[in-house]
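Read the structure below first, then the notes.
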Amino acid sequence: MADALRAYGLIVAMWVRSTMAYRASFAMTTFGNFAATGFDFVAILLMFSHVDALGGYTLPEIAFLYGTTSTAFGLADLVMGSMDRLGRRIRDGTLDTLLVRPVPVLAQVAADRFALRRLGRITQGLLVLTYALVTLDIEWTAGKVAMMPLMLLCGGAIFASVFVAGAAFQFFAQDAAEVQSSFTYGGNTLLQYPPSIFAKDLVRGVTFVVPLAFVNWVPSLYVLGRENPIGLPGWFALLPPVVAAGCLGLAALAWRTGLRSYRSTGN
């Protein structure tokens, strides 16, 4: 693990130095990422120009959901966002060059072409979250205060595990980046809206099958003082660290299985 983290850090540092060699380009692309991701929240603002609530949730409450999931996803995207390139490497055979290096393949794939511009997404999510926290009238307790950083870190870990599991699936499908994106980028979009507007079967699916609900829905309902739409007890809000650890473990197992099944390319 220590060797993998060290290798990841060295590769990331190399790409950061390359990026900062063109500071104006970095500034423009980061701002572009910030603006592009901000259009999602602009769409929410447009909806609230016609309605006072969505699924019983006010604008600040949805801003809270939006800010928490966008920040958590941004952290995972920054660290593991390059995993969706694995399918192309498998298809064209360039993954073989990573296998012969004395560095864990996962660290190489995750750090490949590290994009510092993704900080724009994190910044935009934090700004919306700040607006929500300033606007909402939350009865803060020690548990709710502790839940805020825990929610963001565990949410990022859950999204990171989905990135890794999706990449592992590409060892068998060879090019399934869009399938992976439906759970990562699609999951991020899903969690920006309150669970009350979705069918209960869908809410159960993202709680017990692909546990994206623990990124922000379950802990956010605790912070906002809202009831869970599928009747989960309040102590479920304490489970994000357990769920995140379980997801990371399963993702590691899936990655190991996929990598062992790889037989290179050829004709």
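Nothing in this text is a laboratory measurement; each read-out follows from the coordinates by a stated rule. Here the structure is a predicted model, which is why all the values come from computation and not from measurement. Cβ coordinates were reconstructed from backbone atoms using ideal geometry, including for glycine residues, and neighbour counts include every protein chain displayed.
Positive-end ranking of 135, 168, 116 along the dipole of region 101-203, with charges on Cβ about the Cα centre, is headed by 116. With the charge dipole of the chain set up from +1 on Lys and Arg Cβ and -1 on Asp and Glu Cβ about the Cα centre, the Cα lying farthest toward the positive end among the listed residues 47, 12, 202 is that of 12.
Between region 88-151 and region 58-73, the C-alpha centres lie 16 angstrom from each other.
With the convex hull of its Cα atoms as the shape, region 1-122 has an orientation-averaged projected area of 10.1 nm². Kindly express, to the nearest 10 degrees and within the range 0 to 90, the angle between helix 59-80's C-alpha long axis and the longest C-alpha principal axis of the chain. For 59-80 against the chain, the angle is about 10 degrees.
Taking a Cβ cut-off of under 14 Å around residue 117, the surrounding Lys, Arg, Asp and Glu residues balance to a net charge of +3, with basic ones at +1 and acidic ones at -1. Using the Karplus relation 6.51 cos²θ - 1.76 cosθ + 1.60 with θ = phi - 60°, the per-residue 3J(HN,Hα) values for region 142-157 come to 4, x, 5, 5, 5, 5, 4, x, 5, 4, 5, 5, 5, x, x, 5 Hz, with x marking Gly and Pro. Over region 83-209, all Cα pairs binned in 5 Å intervals from 0 give whole-percent P(r) values of 2, 8, 13, 19, 17, 15, 11, 8, 5, 3, 1, 0, listed from short to long.
Here the calculated FRET efficiency for residue 201 and residue 14, from their Cβ-Cβ distance with R0 = 51 Å, stands at 0.65, rounded to the nearest 0.05.
Computed over the chain, relative contact order equals 27 percent, with contacts defined as Cα pairs under 8 Å that lie 6+ residues apart. For the chain, the longest principal axis of the C-alpha atoms and the axis of helix 23-48 are separated by about 40°. Let me have the relative contact order for region 79-204, percent, based on Cα pairs under 8 Å that are six or more residues apart. Dividing the mean separation by the residue count of region 79-204 yields 39 percent.
Between residue 261 and residue 22, the FRET efficiency from the beta-carbon distance, with R0 = 51 Å, is close to 0.80. Take each peptide in 198-207, 118-127, count the other Cβ atoms within 10 Å of every residue, and average; sorted highest first, the result is 118-127, 198-207.
For residue 13, the shell of other residues with beta-carbons less than 14 Å away shows a net charge of +2, using +1 for Lys and Arg and -1 for Asp and Glu. Taking Lys and Arg as +1 and Asp and Glu as -1, the other residues whose beta-carbon sits under 14 Å from that of residue 82 total +3.
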